[in-house]
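Enquirer: Structure incoming, see below.
FYI, it's all coordinate maths here, none of it is from the lab. A quick note: this is a predicted structure, and the numbers were derived from the prediction, not measured. Here the Cβ positions follow ideal geometry from the backbone for every residue, glycine too, while neighbour counts run over all protein chains shown.
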Amino acid sequence: MHESVPDFEMPTEEQVHLAAETFRLLADPTRVKVLWALLQGESSVACLADLAGAAPTAVSQHLAKLRLAGLVKGRREGTFVYYSAANDHVRGLLAQALFHADHIDRDIPALHSTAKPHRPAAR
């Protein structure tokens, strides 16, 4: 059946593996909160822990995994490390996920695929 679809393409095995790994890492509420906060600007572990409602040690462990996955980066200043989102791809990925979640939560019908993501409604 897919042979009849013009320009049909499948991602490579490596692309599929890396995408699945990214989704796996994002499948944690604390990590989503931390990433969203980092999309607003650079932050320290202590500040992120406060924003995410988690212990600094837990946030530090989450950040280590996100950094290894290339989703966040760190900048050392003396004894402190300040974290930020790695790039705009992270913003797009998280914005789409939250946009989708907002529509599911509020039972909003899906729009056509060219709809632009926006920030979820404040609660």
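Enquirer: Taking the Cα centre of the chain as origin, work out the dipole magnitude from +1 charges on Lys and Arg Cβ and -1 charges on Asp and Glu Cβ, in debye rounded to 20.
Expert: Details: 13 positive and 14 negative charges, 136 e Å.
In total the dipole reaches around 660 debye.
Enquirer: What is the sum of charges, Lys and Arg at +1 and Asp and Glu at -1, for the other residues whose Cβ falls under 13 Å from the Cβ of Lys65?
Expert: Details: positive: Arg24, Arg31, Arg67; negative: Glu21, Asp28.
Charge balance near Lys65 sits at +1.
Enquirer: Take peptides 96-102, 45-51 and line them up by average Cβ neighbours within 10 Å, highest first, as a rough protection proxy.
Expert: Numbers: 96-102: 15.0, 45-51: 17.1.
Those peptides, ordered most packed to least, come out 45-51, 96-102.
Enquirer: For Gln15, what charge total do you get from the other residues with a beta carbon under 13 Å from its beta carbon, if Lys and Arg give +1 and Asp and Glu give -1? Walk me through the intermediate numbers first.
Expert: Details: positive: none; negative: Glu9, Glu13, Glu14, Glu21.
Counting the neighbours of Gln15, the net charge comes to -4.
Enquirer: Okay, moving on. Round to a whole angstrom and tell me the spacing of the C-alpha centers of region 48-75 and region 9-36.
Expert: 16 Å
Enquirer: Another question, if that's okay. So for each of 30-40, 58-68, 13-23 I average, over its residues, the number of other beta carbons within 10 Å; can you give me the resulting order with the highest mean first?
Expert: Values: 30-40: 19.3, 58-68: 17.3, 13-23: 11.2.
For the peptides 30-40, 58-68, 13-23, the packing ranking is 30-40, 58-68, 13-23.
Enquirer: Right, here's the next one. Which net charge results when you count Lys and Arg as +1 and Asp and Glu as -1 among the other residues whose beta-carbon is under 10 Å from that of Tyr82?
Expert: Values: positive: Lys73, Arg75, Arg76; negative: Glu42, Glu77.
Surrounding charge for Tyr82 is +1.
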